[in-house]
Amino acid sequence: MINYIVKRVFSLIPVLFVVSIAIFLLVHLTPGDPASVMLGVEATEEQLKELRKEMGLDLPIYQQYLNWIGGVLQGDFGTSYFMKEPVTHSIAEHVKPTLSLAIIAQIITILIAVPLGIAAANRRGTIADQSIMGVSLLGMSIPSFLLGLFLILLIGVKLGWLPVAGYQPLSNGLWNHIKYLIMPAISLGAIQAALVARMTRTSMLEVLNTNFIKTAQAKGVKKRAIIYKHALRNAFLPILTVIGQTFGVLVAGAVVTETIFNIPGIGQLIINSVERRDYAVIQGVVLFVTLSYVFINLVIDLLYGFVDPRVRLDRD
Amino acid sequence: METAEKEVRQLSDIKQQLKKEQRQLFIKRFFSNKLMVTGSVTMLFLLLVTLFGPFLVSQDPYEMVVQDRLLNPSSEHLLGTDEFGRDLLSRIVHGSKVTMGVGLLVAAIASFSGMVIGLYASYYRILDHILMRICDGLMSIPAILLAIALMAALGPNTRNVIIALSIVFTPHIARVIRSAALVVREQTYIEAMEAQGASATRIIWLHIMPNTVSPLVVQATFIFAEAIIVEAALSFLGAGVPAPDPSWGNILYDGKLVIFNAWWMTVFPGIMIVLSVLGLNLLGDGLRDLIDPHTNHGKK
């Protein structure tokens, strides 16, 4: 097991190295140079020179990278030019709504998808199965920002059941907090729900076809017990993986959803920074989300290896 | 002598017969796959709209008529008008040229560059390690974030959307091509070619590449759909196709501002996006079944 963990962690190093270079180079893709883009056309040569020096753009490029990555490794993601504060500070301020949104979306996803997937597998080939799979196909084809807009139109504007946009922190009461996040969470989680439902169905069907289930049936075990006690347990590992992977996707997807619903999270931070061309923040947010994404996947993989010994033996 | 000739002729007859039957089987399989037919018909419809639509709609997508602001759908403006009094049907039809064009170009560019990377990575060990680590790295940055960051660096215009999305999706194609090519590379006939002294270029492009085309087509279809989604999201966020050019995404952006007054500006471009993505997904699933009947993806 320790071997497996060490291997898995070390395999991340080249990936993270590439990620850091890609994110670092992003700024240098800018036609002209970031300083002149940030200050606009009216900037004097003096101001440009000063900003370049402040941003370290006058150093050779490898030196700039080393300075930047050195800072990142010590938890310093740079300083926002417009907000005059450390990027980590802005991220910390904006991370709570995003996390809250992703968690609620995840809960909704699981609550909807797993039972539907099991039901579809049980009634394989019937109309119920086909309509569940049909809806899930539709769910996968509606981009989350679009679903968000449709929900706003239907539930927010037409029916007026839920607030169309905005955010209330948890300190203002749990219901207040959740009320504003239901629609965004549904729109964010729908695609993942479709995926998880499909995965649940496939995984259940696979297990239901094995010999030990047939034996159980032959013994006369009740159908309910077969499904929930025997099959679901064994089918749960792949489902768990998909759920884990989707959590990373949810955090990344929240970027667009937040903008629609005006939630002051990471997504809004990066969109505002794009408008202001605040490169340090853009780099910081992309790096932060990617790191959390990679980290979540790592944890899921390790858990998977821990629960199912076949995984770690396979890869050794 | 004559009997030999006769036999050869018979053999070629049998071969032709076989080919014909194969083709018939292919056509039969195509039409027996309802989802795939649905997908193809949807895409054909959208293709026709994109190609001929702009000639059929009479109104100018850029013409602003102030007194016609936010009109409901009516016989004069079938899908209504936007907040500048521009005809929505015309904007959506002209927008499909932009959105579908971006999607198609991205799929094509990513396919080509992904193919080159994937093929050479599968052939040279050292190259494989380097290129695949770069692909892994790029793929671990969430697509939409990478696209947003690239657009922030490059500046918002349609050409840059195509560049940014091609960078985002090339690794996905490269991965698929590489794994398909690796299987071919282990075949005995490739070893035989190498022993005969065939050049690497010849082996890669004449003997390995043709075997990677089927998975490439399937993957490219999904990338097409994905590119439409990300383009729409970028334009919706104001970091994609800039105004006043219409794209489904930035029509939605305009629609969001007037969502309380004009449902049609959100619903119609939204339907177009769902239709194209659904069509492409069905097509991709169907193609996968058609090419490889063993994977029962999407089938009941």
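Using a simple charge model, +1 on the beta-carbon of Lys and Arg, -1 on the beta-carbon of Asp and Glu, nothing else, what dipole does chain B show about its Cα centre, in debye to the nearest 20?
On the way: 24 positive and 24 negative charges, 149 e Å.
The dipole of chain B has a size of about 720 debye.
How compact and how long is the range B:48-178, expressed as Rg and Dmax of its alpha-carbon atoms in Å?
20.5, 67
Of B:MET64, B:ASN33, B:ASN261, which is farthest towards the positive pole of chain B's charge dipole, taken about the Cα centre with +1 and -1 on the beta-carbons of Lys, Arg and Asp, Glu respectively?
The listed residue farthest towards the positive side: B:ASN33.
What is the distance in Å between the Cα centroid of the range A:57-124 and that of the range B:203-272?
24 Å
Report the Cα centroid-to-centroid distance between the range A:198-277 and the range B:57-105 in angstrom, as an integer.
40 Å
Once phi is turned into ³J(HN,Hα) by the Karplus curve 6.51 cos²θ - 1.76 cosθ + 1.60 with θ = phi - 60°, what whole-Hz value does each residue of the range B:262-273 show in order, with x for glycine and proline?
9, 4, 5, 6, 9, 5, 5, x, x, 4, 4, 5
As I understand it, the dipole of the protein assembly as shown uses +1 on the Cβ of Lys and Arg and -1 on the Cβ of Asp and Glu, about the Cα centre. Which of A:THR44, B:VAL98, A:ILE300 lies farthest toward its positive end?
Result: A:ILE300.
In Å, what Rg and Dmax follow from the Cα atoms of the protein assembly as shown?
Looking at the protein assembly as shown, its Cα Rg and Dmax stand at 26.8, 97 Å.
Compute and list, largest first, the equivalent-ellipsoid semi-axes of the range A:2-73 from the alpha carbon gyration tensor, each √(5λ) rounded to a whole angstrom. Numbers along the way, then the final one.
Numbers: eigenvalues 251, 27, 12 Å².
Gyration-tensor ellipsoid for the range A:2-73: 35, 12, 8 Å.
Can you classify the range A:190-316 as rounded, prolate or oblate using the Cα gyration tensor, where a ≥ b ≥ c are the square roots of its eigenvalues, rounded means a/c under 1.5, and otherwise it's prolate if a/b beats b/c and oblate if not?
Working: a/c = 5.09, a/b = 2.33, b/c = 2.18.
The shape class here is prolate.
How crowded by other chains is A:281-289, given as the mean number of beta carbons from other chains within 10 Å of each beta carbon? Don't jump to the answer; show the numbers that get you there.
Numbers: counts 1, 5, 3, 0, 3, 8, 3, 1, 4.
Across the residues of A:281-289, the mean count of other-chain Cβ atoms within 10 Å is 3.
Arranged from highest to lowest average of other beta-carbon atoms within 10 Å per residue, in what order do the peptides A:261-271, B:124-134 appear?
Details: A:261-271: 24.1, B:124-134: 14.4.
The most tightly packed comes first, giving A:261-271, B:124-134.
³J(HN,Hα) across the range A:169-179 via Karplus (A = 6.51, B = -1.76, C = 1.60, θ = phi - 60°), whole Hz, x for Gly/Pro?
Using θ = phi - 60°, the values come out as x, 4, 5, 8, x, 5, 5, 4, 5, 6, 3 Hz.
Rg to Rh for the range B:201-300: what is it, with Cα atoms only and Rh by Kirkwood?
Values: Rg = 18.6 Å, Rh = 15.8 Å.
In the range B:201-300, Rg relative to Rh is 1.17.
Based on alpha-carbon atoms only, what is the radius of gyration of the range A:57-97 relative to the globular estimate 2.2 N^0.38 Å? All intermediate terms of the calculation are to be shown ahead of the outcome.
On the way: Rg = 12.1 Å, N = 41, 2.2 N^0.38 = 9.0 Å.
In units of the globular-protein estimate, the range A:57-97 measures up at 1.34.
Need one number: the % of Cα-Cα pairs in the range A:18-143 sitting beyond the 18 Å mark.
On the way: 5579 of 7875 pairs.
That fraction is 71 percent.
Please list, ordered by chain and number, the residues whose modelled amide H lies under 5 Å from the amide H of A:THR79; skip anything fewer than 5 residues away on the same chain.
Hits under the 5 Å cutoff: A:VAL87.
Given +1 on the Cβ of Lys and Arg, -1 on the Cβ of Asp and Glu, and no further charges, what dipole in debye does the protein assembly as shown carry about its Cα centre, rounded to the nearest 20? Don't skip to the end; give the middle numbers.
Values: 49 positive and 43 negative charges, 599 e Å.
Here the protein assembly as shown has a charge dipole of around 2880 debye.
How big, in percent, is the set of alpha carbon pairs in the range B:28-125 lying more than 18 Å apart?
Working: 3059 of 4753 pairs.
The answer is 64 percent, as a whole percent.
Is the range B:197-252 best put as rounded, prolate or oblate by its Cα gyration tensor, with a ≥ b ≥ c the root eigenvalues, rounded for a/c under 1.5, and otherwise prolate when a/b is larger than b/c, oblate when not?
Details: a/c = 5.66, a/b = 3.30, b/c = 1.71.
Verdict is prolate for the range B:197-252.
More than 31 angstrom separation, counting every C-alpha pair in the range A:87-315; what % is that?
On the way: 8416 of 26106 pairs.
For the range A:87-315, the fraction of Cα-Cα distances above 31 Å is 32 percent.
Taking the radius of gyration and the Kirkwood hydrodynamic radius from Cα positions alone, what is the Rg/Rh ratio for chain B, to two decimal places?
On the way: Rg = 24.0 Å, Rh = 21.9 Å.
Over the Cα atoms of chain B, Rg/Rh equals 1.09.
Values quoted throughout were computed directly from the atomic coordinates according to the rules given, and no laboratory measurement underlies them. The model shown is predicted, which means the values in this text are computed figures rather than measured ones. Glycine gets a Cβ as well: all are built from the backbone with ideal geometry, and neighbour counts include every protein chain shown.
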